[in-house]
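Engineer: The structure under discussion is supplied below as structure tokens; questions concerning it will follow.
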Amino acid sequence: MNYNFIGIDHVQLAAPPGCEEKARDFYGEILGLNEVDKPDNLKGRGGCWFKCGNHEIHIGVQENFVPAKKAHPAFSINNLTEYKNRLISKQVTIKEDAPIKGRNRFFIDDPFGNRIEFLEYEI
């Protein structure tokens, strides 16, 4: 084999038509991610893209949208407790789940009902 996987480039989450304003508010303002320009040839499809570390989160428009309630991206973050408090101050509902040894974590839903996890590994 002459190839190796080197990582994940992006994760795409679906959202309903007309989602862009809510997506920019939530992913940009509330979560604190920076929006990146979509390529010109994809702009007509709607949605928007955000930078997350070395990766991207793509919010794509899906007709007949149904939120992902189980499948989800998990964002690794430093200072998880501080970030959790930031989200609480912005009236984001925090959801707890079964603990995983060596990780602290919590979940939220985006404005479209998609599940999102945030976690920090214990040192």
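Engineer: Kindly indicate whether His58 is touching a Gly at 6+ places or on another chain (Cβ under 8 Å) and crowded, with 16+ Cβ neighbours inside 10 Å.
Structural biologist: yes
Engineer: Additional query: Tell me, please, whether a residue that is in a loop (DSSP other than H, G, I, E, B), of a type in the set (Lys, Arg) and closer than 29 Å to Asn78 by Cβ can be found in the stretch 30-40. I'd like the intermediate steps shown before the answer.
Structural biologist: Let us first name the residues in the stretch 30-40 that are in a loop (DSSP other than H, G, I, E, B), namely 31-33, 37-39.
Now drop any that are not of a type in the set (Lys, Arg), which leaves 38.
Restricting the remaining residues to those that are closer than 29 Å to Asn78 by Cβ gives 38.
Yes: the stretch 30-40 contains one or more residues that are in a loop (DSSP other than H, G, I, E, B), of a type in the set (Lys, Arg) and closer than 29 Å to Asn78 by Cβ.
Engineer: Which residue pairs have Cβ atoms under 7 Å apart, sit 6 or more places apart or on different chains, and have a first residue in the stretch 46-71 that is over 20 Å from Phe118 (Cβ atoms) and a second that is of a type in the set (Asp, Glu)?
Structural biologist: The qualifying pairs are Gly46/Glu20; Gly47/Glu20; Cys48/Glu20; Cys48/Glu35.
Engineer: In the set Gly32, Gly28, which member is within 24 Å of Arg103 (Cα to Cα), at pLDDT 95 or above, under 11 Å from the mean Cα position of the chain (by Cα) and surrounded by fewer than 16 Cβ atoms within 10 Å (Cβ to Cβ)?
Structural biologist: Gly32
Engineer: So, of the residues in the stretch 70-95 that are touching a strand residue (DSSP E or B) at 6+ places or on another chain (Cβ under 6 Å) and in a loop (DSSP other than H, G, I, E, B), which turns out to be surrounded by the fewest Cβ atoms within 10 Å (Cβ to Cβ)?
Structural biologist: For the stretch 70-95, the residue satisfying everything is Ile94.
Engineer: Please go through the stretch 87-107 and pick out each residue that is closer than 19 Å to Glu29 by Cβ and either touching a residue at least 40 places away in the same chain (Cβ under 8 Å) or in contact with an Asp or Glu (Cβ under 9 Å, 6 or more places away or on another chain) (or both).
Structural biologist: Of everything in the stretch 87-107, those that are closer than 19 Å to Glu29 by Cβ and either touching a residue at least 40 places away in the same chain (Cβ under 8 Å) or in contact with an Asp or Glu (Cβ under 9 Å, 6 or more places away or on another chain) (or both) turn out to be Leu87, Lys90, Val92, Thr93.
Engineer: Which pairs turn up if I take residues in the stretch 9-20 that are touching a residue at least 12 places away in the same chain (Cβ under 8 Å) and look for partners that are surrounded by fewer than 14 Cβ atoms within 10 Å (Cβ to Cβ) with beta carbon separation below 7 Å, at least 6 apart in sequence or on another chain?
Structural biologist: Pro17/Glu63
Engineer: On to the next question. Among the residues of the stretch 41-69, what is the count of those that are among the acidic types (Asp, Glu) and assigned to a loop (DSSP other than H, G, I, E, B)?
Structural biologist: Of the residues in that region, 1 qualify.
Engineer: Okay, next question. Since Pro39 meets every condition but one in (1) within 17 Å of the chain's Cα centre (by Cα); (2) more than 14 Å from Cys19 (Cα to Cα); (3) loosely packed, with under 15 Cβ neighbours inside 10 Å, which condition does it not meet?
Structural biologist: The one condition Pro39 does not meet is (1).
Engineer: Suppose we keep only residues that are at pLDDT below 95 and among the polar types (S, T, N, Q) within the stretch 1-25. Which one would you say is surrounded by the most Cβ atoms within 10 Å (Cβ to Cβ)?
Structural biologist: Checking each candidate, the answer is Asn4.
The values are calculated or read from the model by the stated rules, or taken from the named source; none is laboratory data. Predicted, not measured: the structure shown is a model, and the values here were computed from it. Neighbour counts are summed over all protein chains in view; Cβ atoms, including those assigned to glycine, are modelled from backbone coordinates with ideal geometry.
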